[in-house]
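Take a look at the structure below.
The values are calculated or read from the model by the stated rules, or taken from the named source; none is laboratory data. Remember, predicted model here, so these are calculated numbers, not experimental data. Neighbour counts are summed over all protein chains in view; Cβ atoms, including those assigned to glycine, are modelled from backbone coordinates with ideal geometry.
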Amino acid sequence: MNKYIKLVLSVLMIIGGIILIVNRETAWGVILIILSIFPIVLFFRNEFILLAFWQIRKQNLAGAKKWLDKISNPSKQLHRQQMGYFNYLNGICVSQDNPAKAENYMRKSLELGLTFDHDKALASLNLAGSLLSKGKKNEAEKYLADAKKYDKSNMLGDQIKMMKEQMKRVNVGRNMHNPHMRNRGKYF
């Protein structure tokens, strides 16, 4: 459903509630005005994104992906911030199977904006992991620093420490030589 249709629906419900109150149907008018709150709330929080969050909370990534796939045209149905969470949830759902695709979703989610710092921290940590697997150590360090900055309650502290340990073990670059190997000659 288009996001603006929800606002029109809530305005019509409020007008109908006022008409019912004027015609001495006070109880039905008040109920209709109270029910008009739901389309307004769903204007700011998309129902499919809320259901996808519920499925992720139950750790059902397939169910979350199913709810996200019901958003047929995200640009018309979602606000900019909702688009950020749409990409964030898609990135979480896809990260198990296709980390490269998850990287694109997480980049878009950080560009479009996420509300909560712990969401920004998780997106930055996922980006750092995928960049480290590609051998882009400098970018991975930048995103890892962002993840540490956003993780104020230290929920991702163990994962950040593990990622730093992995970064220490990774030699990046094709021309880096192991300092413990002896110099090779011209023919051997």
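Listed by first and then second residue, the pairs linking a residue in region 1-17 that is in contact (Cβ under 8 Å) with a residue 24 or more places away in the chain to a residue that is of a type in the set (Lys, Arg), with Cβ atoms under 7 Å apart and 6 or more places separating them unless they lie on different chains, are 2/76.
Against the criterion of being buried (at least 18 other Cβ atoms within 10 Å of the Cβ) and more than 19 Å from residue 74 (Cα to Cα), residue 153 does not qualify.
Does region 75-86 hold any residues that are surrounded by fewer than 23 Cβ atoms within 10 Å (Cβ to Cβ) and either outside the structural domain of residue 163 (by TED's automatic domain parsing) or part of a helix (DSSP H, G or I) (or both), and which are they?
75, 76, 77, 80, 81, 82, 83, 84
Residues in region 130-152 that are over 17 Å from residue 90 (Cβ atoms) and of a type in the set (Gly, Ala, Ser): 133, 135, 140, 145, 147.
Quick grid of which residues meet (1) hydroxyl-bearing (Ser, Thr, Tyr); (2) without any contact (Cβ under 8 Å) to a residue 12 or more places away in the chain:
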| position | (1), (2) |
| --- | --- |
| 59 | no, yes |
| 63 | no, yes |
| 72 | yes, yes |
| 84 | no, no |
| 88 | yes, no |
| 105 | yes, no |
| 124 | yes, no |
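Selection of region 88-115 for residues being of a type in the set (S, T, N, Q) and assigned to a helix (DSSP H, G or I) yields 90, 104, 109. If only residues of region 83-102 that are at pLDDT 90 or above and not hydrophobic (A, V, I, L, M, F, W, C) are counted, the one that is nearest to residue 47 (Cα to Cα) is 85.
Within region 3-57, the set of residues being within 18 Å of the chain's Cα centre (by Cα), crowded, with 18+ Cβ neighbours inside 10 Å and not in a helix (DSSP H, G or I) comprises 46 only.
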